[in-house]
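Heads up, the thing below is written out as C-alpha cells.
The values are calculated or read from the model by the stated rules, or taken from the named source; none is laboratory data. None of these values were measured; they are calculated from a predicted model. Note: ideal-geometry Cβ built from the backbone for every residue, glycine included; neighbour counts use all protein chains shown. The accessibility values were calculated without ligands, DNA or RNA, using every heavy atom of the protein model including side chains. Shrake-Rupley method; radii C 1.70, N 1.55, O 1.52, S 1.80 Å.
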Amino acid sequence: DKADIQVVNDRRKSGLTYLDSFAPDEAIALLNDPSYMKVVFVRDPYTRELSGYLNKFVEKTIDSPEYDLFMKQLFGYQYFKTKSV
C-alpha cells in the first residue's frame, strides 16, 4: 500500500543502512569484502520514461495540487508568478 512505499523511500524511517552513512574507508572496505552480496537494480529506460509520462501527464488532472507542483518544479516557480498559464 502507498504508506508502506513511503516508509521504504524515507531514509529516516526505513531502518536501512546506506553506504553513504559509513566513512569513506569503511565504505570501500565493505564494497571490497567478498562476504557481502552486492545487488544493483536497473530499470529499462523506455519503460521508466513511459511510466513517468503516464504518471505526470495522463493520470493527473490539470487542476490537481500534485500536477501544479510538478509544473512549478519543471518550469520554475518564478515562471508561474509572471505568466498566466
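Within segment 40-52, being of a type outside the set (A, V, I, L, M) and under 15 Å from the mean Cα position of the chain (by Cα) holds for F41, R43, P45, R48, E49, S51, G52. Does V58 satisfy the condition of being surrounded by 10 or more Cβ atoms within 10 Å (Cβ to Cβ) and at pLDDT below 85? Answer is no for this residue.
Residues that are modelled with pLDDT under 90, within 22 Å of the chain's Cα centre (by Cα) and not charged (D, E, K, R) do occur in segment 77-84. The selection criterion, being surrounded by fewer than 10 Cβ atoms within 10 Å (Cβ to Cβ), more than 22 Å from D4 (Cα to Cα), out of contact with any helix residue (DSSP H, G or I) (no Cβ under 7 Å at 6 or more places or on another chain) and among the charged types (D, E, K, R), holds for D44.
Considering only segment 61-71, state which residues are open to solvent by 60 Å² or more (accessible area, probe 1.4 Å) and either part of a helix (DSSP H, G or I) or touching a His at 6+ places or on another chain (Cβ under 9 Å) (or both). Scanning segment 61-71 gives P65, E66, D68, L69. Figure legend. Inter-residue proximity from segment 4-33: first residues open to solvent by less than 90 Å² (accessible area, probe 1.4 Å), second residues β-branched (V, I, T), beta-carbon distance below 6 Å, spacing 6+ or different chains. Indicated pairs: S14/V8. How do the pairs read when you match residues in segment 48-59 that are in a helix (DSSP H, G or I) with residues anywhere that are exposed (fewer than 11 other Cβ atoms within 10 Å of the Cβ) and at pLDDT 80 or above, using Cβ under 9 Å and keeping only pairs 6 or more apart or on different chains? Pairs found: S51/R43; K56/L74.
In the condition set (1) modelled with pLDDT under 80; (2) of a type outside the set (K, R); (3) at positive phi, G15 is compliant with all but (1).
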